[in-house]
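The values are calculated or read from the model by the stated rules, or taken from the named source; none is laboratory data. All figures in this text were calculated on a predicted structure; none of them were measured in a lab. No Cβ is skipped: glycine too gets one built from the backbone with ideal geometry, and neighbour counts run over all protein chains shown.
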Amino acid sequence: MNAAEIMEHEPRAVPAAQKRRVSVALSMRGSQFLGKRSLMGLLVNILANKIFAFSVIIGVGFWLLIIPAFIGALGANPAEKLLHQTGEIAIWTLGAVLSLSPLRVLFPRSRVVNALNRHRRAIGVSACVYGLIHFGLHLLYEGDAQAIARSFSKPFIWLGLAGLSILVILAATSNNFSIRKLGGKNWKWLHRLAYAAAALLIYHQAIAGKGHWHIARWLLLSLVALQTARVTKQLMARRTRTGRA
(Lines give C-alpha, C1' and ligand atoms only; values in the text may rest on other atoms or scores of the structure.)
Protein backbone atom coordinates (compact mmCIF):
# COMPACT_ATOMS: atom_id res chain seq x y z
CA MET A 1 0.00 0.00 0.00
CA ASN A 2 1.57 3.31 -1.07
CA ALA A 3 1.52 6.59 0.82
CA ALA A 4 -1.50 7.94 -1.08
CA GLU A 5 -3.63 4.90 -0.18
CA ILE A 6 -2.59 5.18 3.46
CA MET A 7 -3.72 8.83 3.54
CA GLU A 8 -7.08 7.92 1.99
CA HIS A 9 -7.77 5.35 4.69
CA GLU A 10 -6.75 7.57 7.60
CA PRO A 11 -9.65 9.40 9.33
CA ARG A 12 -9.75 13.07 8.58
CA ALA A 13 -9.23 15.36 11.52
CA VAL A 14 -12.26 17.51 12.35
CA PRO A 15 -11.31 21.17 12.63
CA ALA A 16 -11.70 22.70 16.08
CA ALA A 17 -14.03 25.42 14.74
CA GLN A 18 -16.40 22.80 13.30
CA LYS A 19 -16.41 20.96 16.62
CA ARG A 20 -17.37 24.16 18.41
CA ARG A 21 -20.21 24.83 15.95
CA VAL A 22 -21.60 21.31 16.47
CA SER A 23 -21.32 21.70 20.23
CA VAL A 24 -23.09 25.06 20.18
CA ALA A 25 -25.88 23.68 17.95
CA LEU A 26 -26.45 20.71 20.27
CA SER A 27 -26.47 22.91 23.35
CA MET A 28 -29.00 25.26 21.72
CA ARG A 29 -31.29 22.35 20.87
CA GLY A 30 -30.95 21.00 24.38
CA SER A 31 -31.72 24.37 25.93
CA GLN A 32 -34.76 24.81 23.68
CA PHE A 33 -36.04 21.35 24.70
CA LEU A 34 -35.46 22.08 28.37
CA GLY A 35 -37.09 25.48 27.95
CA LYS A 36 -40.22 23.92 26.46
CA ARG A 37 -40.36 21.36 29.26
CA SER A 38 -39.94 24.05 31.90
CA LEU A 39 -42.69 26.18 30.31
CA MET A 40 -45.01 23.16 30.18
CA GLY A 41 -44.20 22.38 33.80
CA LEU A 42 -44.98 25.96 34.77
CA LEU A 43 -48.29 25.85 32.89
CA VAL A 44 -49.26 22.56 34.55
CA ASN A 45 -48.39 23.91 38.00
CA ILE A 46 -50.53 27.00 37.38
CA LEU A 47 -53.49 24.98 36.12
CA ALA A 48 -53.25 22.56 39.06
CA ASN A 49 -53.20 25.37 41.62
CA LYS A 50 -56.40 25.82 43.63
CA ILE A 51 -55.98 29.59 43.68
CA PHE A 52 -56.01 29.59 39.88
CA ALA A 53 -59.16 27.47 39.80
CA PHE A 54 -61.04 29.67 42.26
CA SER A 55 -59.84 32.80 40.48
CA VAL A 56 -61.28 31.55 37.19
CA ILE A 57 -64.55 30.41 38.77
CA ILE A 58 -65.09 33.73 40.56
CA GLY A 59 -63.64 35.74 37.68
CA VAL A 60 -66.26 34.43 35.26
CA GLY A 61 -69.06 35.76 37.44
CA PHE A 62 -67.22 38.99 38.09
CA TRP A 63 -66.59 39.58 34.38
CA LEU A 64 -70.03 38.59 33.09
CA LEU A 65 -72.23 39.76 35.96
CA ILE A 66 -70.71 42.31 38.33
CA ILE A 67 -68.75 44.49 35.89
CA PRO A 68 -71.65 44.81 33.40
CA ALA A 69 -73.96 45.70 36.30
CA PHE A 70 -71.65 48.48 37.50
CA ILE A 71 -71.01 50.00 34.07
CA GLY A 72 -74.64 49.75 32.97
CA ALA A 73 -74.02 47.23 30.19
CA LEU A 74 -76.97 44.95 30.97
CA GLY A 75 -79.34 46.56 28.50
CA ALA A 76 -82.87 47.83 28.93
CA ASN A 77 -83.86 45.00 31.29
CA PRO A 78 -80.92 44.30 33.66
CA ALA A 79 -82.82 41.78 35.79
CA GLU A 80 -83.70 39.65 32.77
CA LYS A 81 -80.14 39.87 31.45
CA LEU A 82 -78.68 38.76 34.78
CA LEU A 83 -81.23 35.94 34.93
CA HIS A 84 -80.15 34.60 31.55
CA GLN A 85 -76.45 35.14 32.19
CA THR A 86 -76.42 33.22 35.47
CA GLY A 87 -78.33 30.35 33.88
CA GLU A 88 -75.87 30.11 31.01
CA ILE A 89 -72.87 30.27 33.34
CA ALA A 90 -74.35 27.48 35.46
CA ILE A 91 -75.07 25.16 32.55
CA TRP A 92 -71.74 25.75 30.81
CA THR A 93 -69.87 25.24 34.08
CA LEU A 94 -71.67 21.93 34.50
CA GLY A 95 -70.74 21.06 30.92
CA ALA A 96 -67.10 21.87 31.70
CA VAL A 97 -66.96 19.49 34.67
CA LEU A 98 -68.68 16.72 32.68
CA SER A 99 -66.13 17.07 29.90
CA LEU A 100 -63.16 16.44 32.20
CA SER A 101 -63.73 12.69 32.66
CA PRO A 102 -63.94 11.90 28.91
CA LEU A 103 -60.89 14.06 28.25
CA ARG A 104 -58.94 12.15 30.89
CA VAL A 105 -59.86 8.86 29.21
CA LEU A 106 -59.03 10.17 25.73
CA PHE A 107 -55.76 11.81 26.80
CA PRO A 108 -54.52 9.87 29.84
CA ARG A 109 -50.94 11.13 29.49
CA SER A 110 -51.85 14.80 29.12
CA ARG A 111 -50.49 16.71 32.08
CA VAL A 112 -52.80 19.62 31.30
CA VAL A 113 -55.93 17.43 31.39
CA ASN A 114 -54.80 15.75 34.61
CA ALA A 115 -54.13 19.14 36.18
CA LEU A 116 -57.61 20.40 35.28
CA ASN A 117 -59.20 17.21 36.66
CA ARG A 118 -57.93 18.18 40.12
CA HIS A 119 -60.64 20.87 40.21
CA ARG A 120 -63.67 18.76 39.32
CA ARG A 121 -65.31 19.19 42.72
CA ALA A 122 -64.78 22.94 42.80
CA ILE A 123 -66.15 23.37 39.27
CA GLY A 124 -69.15 21.16 40.04
CA VAL A 125 -69.98 23.07 43.23
CA SER A 126 -69.66 26.38 41.36
CA ALA A 127 -72.20 25.16 38.81
CA CYS A 128 -74.62 24.59 41.68
CA VAL A 129 -73.88 28.03 43.18
CA TYR A 130 -74.50 29.81 39.88
CA GLY A 131 -77.67 27.73 39.47
CA LEU A 132 -78.92 28.85 42.89
CA ILE A 133 -78.16 32.47 42.01
CA HIS A 134 -80.10 31.95 38.78
CA PHE A 135 -83.10 30.59 40.69
CA GLY A 136 -82.94 33.45 43.20
CA LEU A 137 -82.91 35.97 40.36
CA HIS A 138 -85.92 34.20 38.85
CA LEU A 139 -87.88 34.76 42.07
CA LEU A 140 -86.84 38.42 42.15
CA TYR A 141 -87.66 38.83 38.46
CA GLU A 142 -91.19 37.51 38.92
CA GLY A 143 -91.70 39.98 41.74
CA ASP A 144 -94.58 38.70 43.87
CA ALA A 145 -96.04 35.42 45.10
CA GLN A 146 -98.78 35.27 42.46
CA ALA A 147 -96.33 35.78 39.60
CA ILE A 148 -94.02 33.15 41.07
CA ALA A 149 -96.93 30.70 41.36
CA ARG A 150 -97.90 31.35 37.73
CA SER A 151 -94.32 30.74 36.61
CA PHE A 152 -94.45 27.25 38.14
CA SER A 153 -97.21 26.35 35.71
CA LYS A 154 -94.60 26.30 32.94
CA PRO A 155 -92.91 22.92 32.31
CA PHE A 156 -89.44 24.37 31.74
CA ILE A 157 -89.43 25.79 35.28
CA TRP A 158 -89.96 22.34 36.76
CA LEU A 159 -87.22 20.88 34.53
CA GLY A 160 -84.82 23.53 35.75
CA LEU A 161 -85.85 23.01 39.36
CA ALA A 162 -85.35 19.24 39.06
CA GLY A 163 -81.89 19.71 37.55
CA LEU A 164 -80.97 22.25 40.22
CA SER A 165 -82.17 19.93 43.00
CA ILE A 166 -79.79 17.25 41.72
CA LEU A 167 -76.93 19.75 41.67
CA VAL A 168 -77.66 20.74 45.26
CA ILE A 169 -77.51 17.09 46.37
CA LEU A 170 -74.26 16.55 44.49
CA ALA A 171 -72.71 19.75 45.86
CA ALA A 172 -73.71 18.78 49.41
CA THR A 173 -71.96 15.41 49.02
CA SER A 174 -68.84 16.71 47.26
CA ASN A 175 -66.60 16.14 50.27
CA ASN A 176 -64.48 13.41 51.81
CA PHE A 177 -66.93 12.92 54.69
CA SER A 178 -69.69 11.90 52.24
CA ILE A 179 -67.34 9.54 50.42
CA ARG A 180 -66.51 7.78 53.70
CA LYS A 181 -70.16 7.56 54.77
CA LEU A 182 -71.55 6.42 51.42
CA GLY A 183 -68.61 4.34 50.31
CA GLY A 184 -66.61 5.05 47.18
CA LYS A 185 -68.76 2.93 44.88
CA ASN A 186 -72.11 4.35 46.07
CA TRP A 187 -70.70 7.88 45.95
CA LYS A 188 -69.66 7.43 42.31
CA TRP A 189 -73.09 6.09 41.38
CA LEU A 190 -74.74 9.06 43.11
CA HIS A 191 -72.57 11.57 41.29
CA ARG A 192 -73.40 10.06 37.94
CA LEU A 193 -76.70 11.85 38.39
CA ALA A 194 -74.79 14.87 37.10
CA TYR A 195 -75.54 13.57 33.61
CA ALA A 196 -79.25 13.52 34.40
CA ALA A 197 -78.98 17.07 35.73
CA ALA A 198 -77.22 18.15 32.54
CA ALA A 199 -79.95 16.60 30.37
CA LEU A 200 -82.70 18.31 32.40
CA LEU A 201 -80.97 21.69 32.37
CA ILE A 202 -80.13 21.59 28.67
CA TYR A 203 -83.77 20.82 27.90
CA HIS A 204 -84.82 23.52 30.38
CA GLN A 205 -82.73 26.07 28.50
CA ALA A 206 -83.78 24.80 25.08
CA ILE A 207 -87.50 25.37 25.70
CA ALA A 208 -87.16 28.42 27.96
CA GLY A 209 -87.60 30.89 25.14
CA LYS A 210 -86.87 31.82 21.57
CA GLY A 211 -83.20 31.52 20.66
CA HIS A 212 -82.14 29.52 23.71
CA TRP A 213 -81.86 26.25 21.76
CA HIS A 214 -79.14 27.78 19.60
CA ILE A 215 -77.01 28.05 22.74
CA ALA A 216 -78.00 24.76 24.37
CA ARG A 217 -77.37 22.66 21.27
CA TRP A 218 -73.65 23.44 21.21
CA LEU A 219 -73.24 22.18 24.75
CA LEU A 220 -75.33 19.09 23.99
CA LEU A 221 -73.37 18.23 20.83
CA SER A 222 -70.03 18.75 22.58
CA LEU A 223 -70.91 16.47 25.50
CA VAL A 224 -72.38 13.79 23.22
CA ALA A 225 -69.26 13.85 21.03
CA LEU A 226 -66.92 13.53 24.02
CA GLN A 227 -68.92 10.74 25.64
CA THR A 228 -69.14 8.85 22.32
CA ALA A 229 -65.37 9.09 21.85
CA ARG A 230 -64.83 7.98 25.45
CA VAL A 231 -67.08 4.92 25.17
CA THR A 232 -65.57 3.99 21.80
CA LYS A 233 -62.03 4.09 23.16
CA GLN A 234 -62.98 2.06 26.23
CA LEU A 235 -64.71 -0.60 24.10
CA MET A 236 -61.73 -0.84 21.76
CA ALA A 237 -59.36 -1.20 24.72
CA ARG A 238 -61.58 -3.94 26.21
CA ARG A 239 -61.64 -5.84 22.89
CA THR A 240 -57.86 -5.59 22.68
CA ARG A 241 -57.45 -7.03 26.18
CA THR A 242 -59.94 -9.82 25.40
CA GLY A 243 -58.10 -10.68 22.18
CA ARG A 244 -54.78 -10.94 23.99
CA ALA A 245 -56.30 -13.15 26.66
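Residues to consider are Ile51, Ile89, Ile46, Ile67; find the one that is free of Cβ contacts under 8 Å to residues at least 24 places away in the same chain and under 17 Å from Ile133 (Cβ atoms).
Numbers: Ile51 fails: under 17 Å from Ile133 (Cβ atoms); Ile89 fails: free of Cβ contacts under 8 Å to residues at least 24 places away in the same chain; Ile46 fails: under 17 Å from Ile133 (Cβ atoms).
Ile67 is the lone residue from the list that is free of Cβ contacts under 8 Å to residues at least 24 places away in the same chain and under 17 Å from Ile133 (Cβ atoms).
Taking the conditions exactly as written (in contact (Cβ under 8 Å) with a residue 24 or more places away in the chain, of a type outside the set (Gly, Ala, Ser) and under 23 Å from Arg192 (Cα atoms)), does Val97 satisfy them or not? Don't jump to the end; show me each part of the working.
Working: in contact (Cβ under 8 Å) with a residue 24 or more places away in the chain: yes; of a type outside the set (Gly, Ala, Ser): yes; under 23 Å from Arg192 (Cα atoms): yes.
It is true that Val97 is in contact (Cβ under 8 Å) with a residue 24 or more places away in the chain, of a type outside the set (Gly, Ala, Ser) and under 23 Å from Arg192 (Cα atoms).
Residue check, Ser126 against (1) hydroxyl-bearing (Ser, Thr, Tyr); (2) within 25 Å of Ile179 (Cβ to Cβ); (3) without any contact (Cβ under 8 Å) to a residue 40 or more places away in the chain, all met but one. Which one?
The one condition Ser126 does not meet is (3).
Just to check your reading of the model, which residue among Leu167, Leu200 is surrounded by 13 or more Cβ atoms within 10 Å (Cβ to Cβ) and under 21 Å from Ala122 (Cβ atoms)? Give the derivation first.
Numbers: Leu200 fails: under 21 Å from Ala122 (Cβ atoms).
Only one candidate qualifies: Leu167.
Scan the helices (runs of 4 or more DSSP H) fully inside the stretch 35-152 and keep the ones with 2 or more residues being exposed (fewer than 13 other Cβ atoms within 10 Å of the Cβ).
By residue number, 50-61, 67-71, 120-142, 145-151.
Working only within the stretch 162-176, note down all residues that are assigned to a helix (DSSP H, G or I) and modelled with pLDDT of 95 or more.
Ala162, Gly163, Leu164, Ser165, Ile166, Leu167, Val168, Ile169, Leu170, Ala171, Ala172 - these are the residues of the stretch 162-176 that are assigned to a helix (DSSP H, G or I) and modelled with pLDDT of 95 or more.
State all residues of the stretch 137-156 that are in contact (Cβ under 8 Å) with a residue 24 or more places away in the chain and in contact with a helix residue (DSSP H, G or I) (Cβ under 8 Å, 6 or more places away or on another chain); if no residue qualifies, say none.
Taking the stretch 137-156 as the starting set, the residues that turn out to be in contact (Cβ under 8 Å) with a residue 24 or more places away in the chain are 137-138, 140-141, 155-156.
Scanning the stretch 137-156 gives Leu137, His138, Leu140, Tyr141, Phe156.
If a residue must be among the hydroxyl-bearing types (Ser, Thr, Tyr), out of contact with any Lys or Arg (no Cβ under 9 Å at 6 or more places or on another chain) and under 18 Å from Arg120 (Cβ atoms), how many such residues does the stretch 52-106 contain?
Kept after step one, since they are among the hydroxyl-bearing types (Ser, Thr, Tyr), are these residues of the stretch 52-106: 55, 86, 93, 99, 101.
So of that shortlist, the ones also out of contact with any Lys or Arg (no Cβ under 9 Å at 6 or more places or on another chain) come out as 55, 86, 93, 99.
Keeping just the survivors that are under 18 Å from Arg120 (Cβ atoms) gives 55, 93, 99.
Of the residues in that region, 3 qualify.
Taking the condition surrounded by 16 or more Cβ atoms within 10 Å (Cβ to Cβ) and in a loop (DSSP other than H, G, I, E, B), does Ala208 pass? It would help to see each step written out before you state the result.
On the way: surrounded by 16 or more Cβ atoms within 10 Å (Cβ to Cβ): yes; in a loop (DSSP other than H, G, I, E, B): yes.
Yes; evaluated as a whole, the condition is true for this residue.
I'm checking my understanding of the structure. Among residues of the stretch 211-238 that are assigned to a helix (DSSP H, G or I), farther than 16 Å from Phe107 by Cα and small (Gly, Ala, Ser), which one is modelled with the highest pLDDT?
Selected residue: Ser222.
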